[in-house]
Structure formats: C-alpha cells, structure tokens
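Right, one structure below, let's go through it.
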Amino acid sequence: MDAIRYVKTVGTYLFKDRDDNQHSSGKVSLLLGARLHVDLSQNIAGRVPAETMLSAKGKKHEGFVDLDKLSEKQQLKVFFMDVGQGDATLIEAEGAIVIIDGGPNKGFHTKLVERFKNLVRAEEQFGLVPKEQLFINAIIISHFDLDHYYGLVKLLKDKRFKVGCIYHNGLPRFSDFDLKFLNLGDKKFWPDLGNGITTELRDLDSARRLLNQGYFRTSSGNENKFAKLLNAMLQAHNDGRLQKISILNRRDPHKPVKILPNTGDLRFEILAPLTMKTKGPLHLPTFPNPHTASSTAQFPAPSESHTINGNSIVLRLIYKQASFLFGGDLNQPAQKFLEQRYSNLNAFKSAVNKACHHGSSDFHLNYLRAVSPDATVFSSGDNGSYDHPLPDAMGAAAKHSQGDYPLVFSTELARETSSKKGIKYGNINARSNGQETVLAQKKEKPSLNQWHSFKIPYQGPFYQH
C-alpha cells in the first residue's frame, strides 16, 4: 500500500472482490472519515486495493474500494465520549485536534490513549516513524465542575500529549470557606444590570498567584481538586507540553468571536459566556435557581451552582456547511439571559446539539426551538443521583428538532456487549465531509458491519424503498 486516504462519501464499502457491487455479500461498510491504506498503482477502472487500520488485536479488513469515494484530507470526526456522569468530546479534522471537557475520571484519558495507540499502529503499519507525542491544538473547559474538568488532570500529566492552549471561562472554584461571592469571585453590582462577578483566573501567571495565595484548599488545609488541575497545567507548561491558558468569553452579541486560526475548514464561534458590559473590566452575570422563584419572590438570590453552570462556554463548531453546538451546562436562567442579549437566538441554530447539562429539566423551550437540530446527543452516566437524561428533556429535544424522524442519542444507551467482559462503554460517533453528516453508534453485539449509522437530516429507515 502506497498512500493514505480517507472515506469522504456516505455509503462507501470495502468490497471482498474487485468486481463486487453493493448487493454482494462480504462487503464491509466504511464510516465517513475512516482511514485506509490504498495501492494507487493497482487502479483498475477506478477501484483500488485497500486495507483498514490495524485493530488493537492486530486485525484488519482488506479488499477493494472506489477511489472517487476517498480524499487525501481527513474529514471531521466528533466523538461524544461515554465518561459516566460527565462531558468529554474529542474533535479531529485535517490539521486539528480539539477537546471540549474531560469528564470526571480517568475514562477520557484512557480513551485518548487508545486513539493515540491507534495512530501509532497505523503509522507503523504504513511504514512511517510513529509520533512520540500527540499535539492537541486546544482544550476547552466549558466550566469548572468536576464532571467536566477533573479527567483532564491525568491527561495533562501524560508526557505523550502536548497542548497548544487551554481555554476556560475565568471563574475558578475557590474554597467554600473563602470570602468570595458564591465561592467564585468578587461581586460587582449595577443598578440597571444586577449582580456581576469578577473573573480572577486569566493566564498561567494568575493561576500561579491564586495557588500561592492558598485559595484552593480543603477545610483540613490540603489542596482541593481544582488546585490539582491548576498544578497539572503549570507542570505541563514547565515541561514544555502546554503553551498557555486563556480566558474565553464574548463581549458583544453582534461581534462574532472565533478561535483556533490555521486549522483549515474547522472553525469555532464563541456564543457564551456573555460579559455584563461590552467594555471595561470583565464581569460575568450571576444566575438564580429558578426553583426558588415564586409569586412573592420573583427575583431570588444568585445561586452558586446556577452561576457556575450558566456561565458555561458555549461553542458553535462550523465545518463548511455542517454545524455542531456545545452548550456545556447552560440552565434556564442563562438561556433566558442569552435570549435577551442576542434579541433572538438565531446564532445558536445547529444541525447537531450536544444537550445542555446532561439532560436536566432546567432548560428554556425558546432555546431548544432556536437550536432546532436534526440530532441531539445526551452525555450522562448511571452513577450519581441525577438520573439524567430526564424524560422531559429527551421529549422536548425530540419535539423541537427538525423533521419527522429527529435523532436523540444517549451515551448510556450507546454501549456494546461482550461475552467475556460484559457491558463496555461506548460513544456517539459523528462524521462529516462538510455537506453530509452522519451520526453512528456501535451495535450492541459486534458484527462485520458494527455500526448503526444515521445520515442527517434523517428521513426514516425506508425512505429509499
């Protein structure tokens, strides 16, 4: 095999024999974006010999593929990882690897190591010298809740990974006994706007200063889990494996903010958090718990958890004509705030929506209507006491989606079984060439064609019949 190619078309097969067609038995269905090693010198009538990447067990599929269904460039891949009760997303495209959140445990690191080993095997298989380090262009931490950031600690300590920039929303998790408003920062009040809060974490220097001032300690005096994250960042920087950390927000709803230059067709637009004012010092809004509102208390006091979640970084991924929305743990008060500031929520319209807050009931219907996706992905786990995703969140997501056959995925349901190991964690696998987008999950029982794939907008299973 003398070349590397990537599947660029939905409905591509690896045929057993050169003369086979789509009705032949023994063909292997290839996911959009799959990497193949092909022999261009054996091109006969547009069909070439090809082999898939080696699996961890040393297995591969061999056969023939139509060359016009392949590209020299990688296609977009979005992996919504199953990390239990938490969020973790891995995004790959030509010239870029981006992570959004890292889950609560070692699960995401384990999956990323598997991806790195897959790449090493593929390079060795092709006769290349394998990489010793994997460069991650950006890690975006939507907000500093444990189920979004703590799994990144192990990744940052692993010398196999190098990171360009870690983006965050600027609200560190101060110790409960600190004299900080909502344990997040200092309060700023405007008569016309209400309460705002300072963003004291900016760059590596501010992280080092806050650590040295002892802000992140338990009641027994030990460093808390947030301190472990900051220490891991600083150590990675000292080792030359992290370039910088940077605060990320949007000041003006009418002036788009984009990050990640020089990453080809992959773009990210920042929609939130929105600062209280478009100019001057950075202050983020506070949000109440809507359950505490009543006819006699229409403006309840700010809530720590709702302010943390409501200031999540919200990203819209744009890849040519494809779009994905990542809403962190946005809640109802925050979604209403965004609706007011944006005048409308047209900027949030996306084909694939990563559901906010794991499928909590704390959502605003106008936000769901504005996103109006073809597919929604819920990331949650069996552990914990939240029981996410909740039925109303799943039902509302489907109702306010596009088409007669809206797709609703759940990381808890996208699991496979093994006769030896029982249930294994799975993930939701999205692929796009910029025009066509497919979401897939593995079949529960492995087979030759192991994926359930759904091209969006999905028209139902029999639309071609």
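Please specify each residue of the stretch 90-106 satisfying the condition of being more than 14 Å from PHE268 (Cα to Cα) and buried (at least 23 other Cβ atoms within 10 Å of the Cβ).
Selection gives ASP101, GLY102, GLY103, PRO104.
Being in a strand (DSSP E or B) and at pLDDT below 95 is the filter here, so list the residues in the stretch 371-407 that pass it.
Of the stretch 371-407, the ones in a strand (DSSP E or B) are 375-378, 407.
Once the filter is applied, which keeps residues that are in a strand (DSSP E or B) and at pLDDT below 95, the stretch 371-407 yields only PHE378.
Let me confirm something: among LEU128, LEU211, LEU155, which residue is farther than 18 Å from ASP87 by Cα, outside any strand (DSSP E or B) and open to solvent by less than 30 Å² (accessible area, probe 1.4 Å)?
Residue meeting the stated conditions: LEU211.
Quick one: how many residues across the stretch 158-208 are part of a helix (DSSP H, G or I) and more than 18 Å from LEU284 (Cα to Cα)?
Going through the stretch 158-208 one residue at a time, the tally reaches 4.
Yes/no per residue for (1) part of a loop (DSSP other than H, G, I, E, B); (2) open to solvent by 70 Å² or more (accessible area, probe 1.4 Å); (3) in contact with a strand residue (DSSP E or B) (Cβ under 6 Å, 6 or more places away or on another chain):
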{"position": "MET1", "(1), (2), (3)": "yes, yes, yes"}
{"position": "ARG5", "(1), (2), (3)": "no, no, yes"}
{"position": "ASP19", "(1), (2), (3)": "yes, yes, no"}
{"position": "SER24", "(1), (2), (3)": "yes, no, no"}
{"position": "SER41", "(1), (2), (3)": "no, yes, no"}
{"position": "ALA50", "(1), (2), (3)": "no, no, yes"}
{"position": "SER55", "(1), (2), (3)": "yes, no, no"}
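Scanning for something touching a residue at least 40 places away in the same chain (Cβ under 8 Å), in a loop (DSSP other than H, G, I, E, B), more than 20 Å from the chain's Cα centre (by Cα) and surrounded by fewer than 19 Cβ atoms within 10 Å (Cβ to Cβ), does the stretch 107-118 turn up at least one residue?
no
Just one of LEU204, LEU182 is in contact (Cβ under 8 Å) with a residue 12 or more places away in the chain, in contact with a strand residue (DSSP E or B) (Cβ under 8 Å, 6 or more places away or on another chain) and on the phi > 0 side of the Ramachandran plot; which is it?
Among LEU204, LEU182, only LEU182 is in contact (Cβ under 8 Å) with a residue 12 or more places away in the chain, in contact with a strand residue (DSSP E or B) (Cβ under 8 Å, 6 or more places away or on another chain) and on the phi > 0 side of the Ramachandran plot.
Look at ASN289 and say whether it is open to solvent by less than 20 Å² (accessible area, probe 1.4 Å) and either out of contact with any Lys or Arg (no Cβ under 6 Å at 6 or more places or on another chain) or of a type in the set (S, T, N, Q) (or both). First the steps, then the outcome.
Details: open to solvent by less than 20 Å² (accessible area, probe 1.4 Å): no; either out of contact with any Lys or Arg (no Cβ under 6 Å at 6 or more places or on another chain) or of a type in the set (S, T, N, Q) (or both): yes.
Judged against the criteria, ASN289 is not a match.
Can you name the residue in the stretch 214-243 that is small (Gly, Ala, Ser) and outside any helix (DSSP H, G or I) and, of all such residues, is most open to solvent (accessible area, probe 1.4 Å)?
Here the residue is SER219.
Give the residue, chosen from GLN75, GLN85, that is at pLDDT below 95 and open to solvent by less than 20 Å² (accessible area, probe 1.4 Å).
Residue meeting the stated conditions: GLN85.
Output the number of the condition that GLY84 fails; it satisfies all remaining conditions of (1) assigned to a loop (DSSP other than H, G, I, E, B); (2) out of contact with any helix residue (DSSP H, G or I) (no Cβ under 9 Å at 6 or more places or on another chain).
(2)
The values are calculated or read from the model by the stated rules, or taken from the named source; none is laboratory data. Just so it is clear, the model here is predicted, and its values are computed rather than measured. No Cβ is skipped: glycine too gets one built from the backbone with ideal geometry, and neighbour counts run over all protein chains shown. Ligands, DNA and RNA are stripped out before the accessible areas are found, and what is left, the full protein with its side chains, is counted by its heavy atoms. Shrake-Rupley method; radii C 1.70, N 1.55, O 1.52, S 1.80 Å.
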